[in-house]
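Worksheet: one structure, shown below.
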């Protein structure tokens, strides 16, 4: 009995120490999760590259907690609310940039369409199927520009900028398809 008592005391102390570090770690993880939940949808939309490391850090803290390493879990989770706050600031910053980005695109996209039409018109000796596809793509660009303008009018600058970016990529693809030496017949 005398040998069991010190062992039981050690076990009790160990259990108490674990529970003392478990609760703060659990609270830090819960706080981080709640904060991240509040901004994750917009962060995924506007700054996905900045969201990924925060999500990974939270996952790491949760894994450490599950393994019983409460001290490391607490260390990993304690700064996450500040990182989530920085993420929220980045989202707002990106939202503020989008109208300016769209303004520049709105001015350049009609010119881009005109330039692309000029490239098509000057594509002498190009494969007829490639030219026909390019003409159809330009009509699609014109429709996309109208959609982007509507998105802008409704306040969806994110959508407008995405459409504009896709148009820029399509114009580059059209130009490349018509200037490639393989296109000539």
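We did not get these values from a lab; they are worked out from the coordinates using the rules stated. All values derive from a computational prediction rather than experimental measurement. Heads up, the Cβs are rebuilt from the backbone with ideal geometry, glycines too, and the neighbour counts pull from every protein chain shown.
Expressed as an acute angle from 0 to 90° and rounded to the nearest 10, what is the orientation of the C-alpha long axis of helix 48-66 relative to the principal long axis of the chain?
Helix 48-66 sits roughly 20 degrees off the main axis of the chain.
Note down the relative contact order for the range 97-179 as a percent, whole number, built from C-alpha pairs under 8 angstrom at least six residues apart.
44 percent
Counting pairs of alpha carbon atoms under 8 Å apart in space and at least six apart in sequence, what relative contact order in percent does the range 13-78 give?
Normalised by residue count, the contact order of the range 13-78 is 48 percent.
In degrees between 0 and 90, to the nearest 10, how far off the longest principal axis of the chain does helix 4-46 point, with axes built from Cα atoms?
Rounded to the nearest ten degrees, it is 20.
At a Förster radius of 22 Å, what calculated FRET efficiency corresponds to the Cβ-Cβ distance of residue 95 and residue 34, to the nearest 0.05?
My answer for the efficiency is 0.50.
Could you identify which residue out of 44, 124, 94 has the top mean-square fluctuation in a GNM of the chain using Cα springs shorter than 10 Å?
Comparing 44, 124, 94 in the GNM, the peak value goes to 124.
Just to be sure I understand, if you calculate volume of the Cα convex hull per residue in Å³ for this structure, which of (i) 152; (ii) 104; (iii) 135 do you get?
Matching the structure shown: (i).
So, in nm, how far is label residue 149 from label residue 21 when the simple model puts each one 7 Å beyond its Cα toward the Cβ?
The answer from the label model is 6.4 nm.
Of the candidates 156, 86, 127, which one comes out as most mobile in a Gaussian network treatment of the chain with C-alpha springs shorter than 10 Å?
Evaluated over the chain, the most mobile residue of the options is 127.
Between the helical axis of 80-121 and the dominant principal axis of the chain, each derived from Cα atoms, what acute angle in degrees is found, rounded to the nearest 10?
Around 10 degrees separate the two axes.
Return the single residue from 92, 142, 66 with maximal mean-square fluctuation; model: Gaussian network over the chain, springs between Cα atoms under 10 Å.
Of the options given, 66 has the highest mean-square fluctuation.
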